1. State which residue is modelled with the highest pLDDT when the search covers only the range 79-95 and only residues that are touching a helix residue (DSSP H, G or I) at 6+ places or on another chain (Cβ under 7 Å) and of a type in the set (A, V, I, L, M, F, W, C).
2. Report yes if Ile288 is over 20 Å from Met311 (Cβ atoms), at pLDDT 95 or above and in contact with a strand residue (DSSP E or B) (Cβ under 6 Å, 6 or more places away or on another chain), otherwise no.
3. Collect the residues in the range 259-294 that are closer than 15 Å to Arg55 by Cα, hydrophobic (A, V, I, L, M, F, W, C) and in contact with a Lys or Arg (Cβ under 9 Å, 6 or more places away or on another chain), keeping them in residue-number order.
4. Note down all Cβ pairs under 8 Å where the first residue falls in the range 301-315 and is of a type outside the set (D, E, K, R), the second is assigned to a helix (DSSP H, G or I) and open to solvent by 30 Å² or more (accessible area, probe 1.4 Å), and they're at least six residues apart or on different chains.
5. Give the number of residues within the range 87-121 that are under 14 Å from the mean Cα position of the chain (by Cα) and in a strand (DSSP E or B).
6. Considering every residue within the range 307-321, establish whether at least one is among the basic types (Lys, Arg) and within 22 Å of Asp59 (Cβ to Cβ).
7. Starting from the range 245-261, take each residue that is among the hydroxyl-bearing types (Ser, Thr, Tyr) and list its partners that are at pLDDT 95 or above, counting only C-beta distances under 8 angstrom and pairs at least six apart or across chains.
8. Tell me, please, whether a residue that is touching a Ser or Thr at 6+ places or on another chain (Cβ under 7 Å) and among the basic types (Lys, Arg) can be found in the range 227-246.
Amino acid sequence: MVVRSSRREVLRFGSIAAAAAVLPAPAIAQAPWPSKPIRIIVGYPAGGLTDTFARAYGDYISQKTGQPVSVENKTGASGAIAAEMVKNAAPDGYTLMWTISTTMIMNKVLFKKLPYDPDKDFALISWMDAGHLPFIVNKNVPAKNLAEFAAYARNNKVSVGTYGAGSYSHVAVEALNRHYGLKMEAVHYRGEAPMWTDVMSGAIQAGSGSFAAASSVLQSGNGRAIAVPTKERMKKLPDVGTFYEQGVTDIAFQVQGFICLVGPVGMPKEIVKKLSDMMVEAGKSERIQKILDTFGIDRAAQDQAFFEKFMAEQGPIWIDLVKGLNLEPQ
């Protein structure tokens, strides 16, 4: 038997359907995050420290969420190309960026115009220590500490390598020149590999950079570390005094470079919180701990609250340090 609806019932149910159609999507149904693959855009080349961590932490996020996590390297312009891509992505937690302090802070001084605003375009998720950047001298330089190195530099022509104009290592050279009244020349390279090759050969007398990249110089005996930045000694170089311990208390040797995970501004707070918590959990995993040891990094991922506090406190200091280099913006 067919039951026919009355005209009044048809109108009533039609009104309900029309009302449901105009409700916002979340009021009807919203798939829980994540319900599809996640992309992590990395602004630096594959194989480097930033990329290595992006893939390791990305794998952990994939395991925890059950969704694939892909890593895409979009290099160029000190991370600005990747930053613009992520800035323009939907703030839904499916496109994230893994980058470094240069992209988030120093680029504001190094470029006349950026296609993104580091302060306004991103949701901060997690901060990671980029590691100590030991100051290493060639084996033929008769110095085992900063005072001896300064004495040598007063009586000899000294060139110190940096892995790029405006980088931390560039700041370090100028800070040492100020502190000791020296005139050491900063020699800028495109990355660490060629810089450490020249430190090893003696083409330049010293350099400052990551422990992992400098390990061949140290292990071969062609160079020795004479100082490490920040106030705490490095676990991998426990016998090497910090700049601070050796009386060089310039703020340049107390700030920290970092790696970070961010997303487009406007991401839901609950997604940011979930990602932040997962990053901290991942940092305790055996795989991440092994990578930290390999790269000589003493601290794993920190949460969103730590990241925001760090940026508020150290961001302005970094800006002043880079401005002090008097570089012409590109």
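The values are calculated or read from the model by the stated rules, or taken from the named source; none is laboratory data. All values derive from a computational prediction rather than experimental measurement. Because the Cβ atoms are built from the backbone with ideal geometry, glycine has one as well, and the counts that use them run over all protein chains shown. Protein only, heavy atoms only, side chains kept; ligands, DNA and RNA dropped before computing areas. Shrake-Rupley method; radii C 1.70, N 1.55, O 1.52, S 1.80 Å.
1. Top of the filtered list is Ala83.
2. no
3. Met278, Ala282, Leu292
4. Correct list of pairs: Ala301/Val280; Gln302/Val280; Gln304/Lys273.
5. Of the residues in that region, 5 qualify.
6. No, every residue in the range 307-321 fails to be among the basic types (Lys, Arg) and within 22 Å of Asp59 (Cβ to Cβ).
7. Thr249/Phe243
8. Yes, that holds for at least one residue.
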